[in-house]
Structure formats: C-alpha cells, structure tokens
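Participant: Right, I'll just put the structure down here and ask away after.
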C-alpha cells in the first residue's frame, strides 16, 4: 500500500444499492411502479421502471461487476486486456463493504481513508426515465424514497466519515425545493444534480435561482456525476442514434456525442454563460467521474469567445470575471487517476483538485491511496491539499470557498 502520512479524504466512493432502494420507503401502491428488480426467473435479473425495462441499466447494477481496480492497468495504457467492467465478475451485493455502512467504515480504516463522498451507482442511471411523461408522477415519490433509504443505510456524514449525497430533481421546481429543504434539514452536505438541461431550460436560467440560493445559503456542494442525462435524448436522435443508450453499451458516436464530456461541458458552460456565479458568489460545484481532459479546452474556448463578444453575449447579466476565473472560484474537479493531475492543478489551481478513487467500481482504484501515485513531482503541501484538505474543506459546514492558500507544510503531520 502507498505510504501516506495522514488519512485521505476521497471525493468519489460508491455503494451498490439493494433491490429495494427506491421501493423500501415509497407509498405501497407505488412499489411496483418505481424502480424495481425482477429476480423471479433463473438467470440474470431485470431492472424495471414500472412495467418498462430500465433504459440505462438492464440488470441490477451490482449483480455482475468486476472487482475494485480491475481496469486500472488497462486505463493507464499498460495493457490491452481488461477493458471490460465485468471482467472476472462478482456480485457486488454479496460484499459487505459495498452494501453496509458498518463494514465500509472498517474497510476505510484499513485503507487509511478518513472520509468520503458516497455516491449512487443505480441512482444516477434512472432519473431521466422517471422524468419521462409516462412515469413523471413517480419522479418525486421515487427521489424521496431513495433519499430516505440513503439516510437510513449510509447517512449524510454527520459523524465526519461517510457523506451520502442525496438526489435532487428540478423538473417541478417546487417539488424539488421541498425535497432539497428536507435533506438539508436532515444534515446533507452535498446533493447530486444530474448534468444537462432541465425540463427544456438551462440550469442557469433564473427560473432555478431558488435552488441555487438555497444551496449557497446552506453552503452545500452541488455534485454533477456521470450517468444517464437528458443530453443523450437531445443530441443522439438527430444523428440516427438511440435516445437512451444502455450503460457500457454505447456506440462510439453515442459515447462521444452525449456521454463523456459533453454533459458536464455544456452544464458548466451554462452556469458561466448564464451568470449563475455572478448571482451566487459563494456557490460550490463538484464535477465527479467526468475526468478532466475537457477542462483546459473548454476554458480556452470560453475565454476566447468571451473576449471577442463580451458586450453582447450575456443573457442574464455580465459575469464578474472571465470564464476561467469563475471556474477556478467555484468548480472543484475529481479527475480520473489516468489524467494528468499536476497539469490540471496548474490550470485551475491546486485547491480545486480532489482525489477520487471511484472505489469499489472496476474502473477505479482498489486502494484509494494509490491516487497518490498520480501526484509525482508535486510538493508535500499541494499533495496534502489534493489528498485530504480540499474535500475536508468542502465537507465542513461553512467551508469550501476562501481556502487558506498560505497553508504550508507546518501541519503535514496532522492526521
């Protein structure tokens, strides 16, 4: 194991949800209309939304998955073998630390992980389908039920260890705000908002200002995590592609057009272009599991456009800075370990880079502290910021902005 002189804070951890994560706390008449797993026949399970097969996950997301870190060497380019997330498949639901908070805490102790952002696997793959007109009356009962399951099984980090991130949906703003208020009152420090447009509007449209205002006031982080988004339905059909490609079975064009960087690039562009950060100067955004290769080209392009057309291009007021400056002030990135992390830190500031292992997914790291290997050549103080302090600051009530850039190695032995 990598030798780290303090315990890390990991900004990208996952659980595998049980079959009843959406149905356990939903009203009884809705149990078979929300997300559920059919296991009545021998063979693979089937995931449904009501009577319709789930578009993104056709089977239980944790049923047949590769072990943690199974794809590391492939993703690092060290081998051409191991490109499947189901290589050497196992049942994620049968591994205690993947499904149990108590077991996970023991694993975190062994891994020298003090705290983590705990994120869905199934949960980020179903919201667009629930928001479809056919199921829309299920959207908010399902989101509330999922979040109550999350509170019950994992919690929101009130002990400073596992920060479960509840889902929010803003298709019906009033309903979304009611659930946001509820999870904030329950102690949530982060919420997940899927990237992309929302019910035909930019997320930066002032229509959504009550959401951003509550997030700023409560000082919670808004997490954009890769998954099923409205982008695929908007971009794919004009090219003759599927509106809802299934997870890990995208065509090359579908993957490039609507699943990799496009949702997060479009979303961050919208927040900058629509002056969200001007209206909410203490807002905190986290991009998790979208990697970081898109950051430099996006900022270069936006800075160039803003400089060319600065007087005539702002729909909702002129932002108080260049796109790069706004990004550096408000957006934190958890890059892939195979990215050039030191280059990212140079581009956006080391205080905006978060170590994230994606544990226990096969695409991630078997030992989260292995992320340290990607920081070769960086100074001890900057390494500590990435491996611990940046996420600690975001998770701490009232933290996240105004980081003390004067911190040096005087406290590097604190754990």
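Quick note: the coordinates plus some simple rules give every number you see, no bench work behind them. As the structure is a prediction and not an experimental result, all values here were calculated from the model. Backbone-built Cβ (ideal geometry, glycine too); neighbour counts: all protein chains shown.
Participant: For the range 247-361, state what percent of all Cα-Cα pairs lands in each successive 10 Å bin, counting from 0 Å until the bin that includes the largest distance.
Facilitator: The distribution over the range 247-361 is 13, 43, 33, 11, 1, given as percents.
Participant: Kindly state, to the nearest 0.05, the FRET efficiency for residue 309 paired with residue 102, given R0 = 45 Å and r defined as their beta-carbon distance. Walk me through the intermediate numbers first.
Facilitator: Values: r = 55 Å, r/R0 = 1.23.
That gives a FRET efficiency of 0.20.
Participant: For the range 209-262, would you read off the P(r) tail past 16 Å as a percentage of all alpha carbon pairs? Let's see the in-between values first.
Facilitator: Details: 696 of 1431 pairs.
The proportion of pairs with Cα distances above 16 Å equals 49 percent.
Participant: With 10 angstrom as the radius, rank 132, 181, 312, 63 by how many other C-beta atoms surround their C-beta, starting from the fewest.
Facilitator: So the ranking, lowest neighbour count to highest, is 312, 181, 132, 63.
Participant: Right, another one. Give me Rg over Rh for the range 295-377, both radii from the alpha carbons and Rh done the Kirkwood way, two decimal places. Intermediate results must be reported in sequence, preceding the final value.
Facilitator: Working: Rg = 16.1 Å, Rh = 14.6 Å.
A ratio of 1.11.
Participant: Also, quick follow-up: Per DSSP H run of at least 4 residues, take -39500 (n - 2.57); add these up for the chain, divide by its residues and hand me the 222 nm value, nearest 500 deg cm²/dmol. Before the final figure, lay out each step's value.
Facilitator: Working: 16 runs with 135 residues, N = 415.
Mean residue ellipticity, 222 nm, calculated: -9000 deg cm²/dmol.
Participant: Also, I was wondering about something else. Extending each Cα 7 Å along its Cβ direction at residue 239 and residue 199, get the distance between those two points in nm, one decimal.
Facilitator: For the pair residue 239/residue 199, the computed spacing is 2.9 nm.
Participant: Now a separate question. What number in nm² do you get for the range 1-137 if you take the convex hull of its Cα atoms and divide its surface by four?
Facilitator: Details: hull surface 42.6 nm².
For the range 1-137, averaging the hull's shadow over all directions gives 10.6 nm².
Participant: Dividing the alpha-carbon radius of gyration of the range 169-280 by 2.2 N^0.38 Å (N being the number of residues), what value is obtained? List each step's numbers first, then the result.
Facilitator: Details: Rg = 15.0 Å, N = 112, 2.2 N^0.38 = 13.2 Å.
With N residues counted in the range 169-280, Rg over 2.2 N^0.38 Å equals 1.14.
Participant: Also, I was wondering about something else. In Å, what Kirkwood hydrodynamic radius results for the chain from the alpha-carbon pair distances?
Facilitator: Details: mean 1/r = 0.0461 Å⁻¹.
About 21.7 Å, per the Kirkwood formula over Cα pairs.
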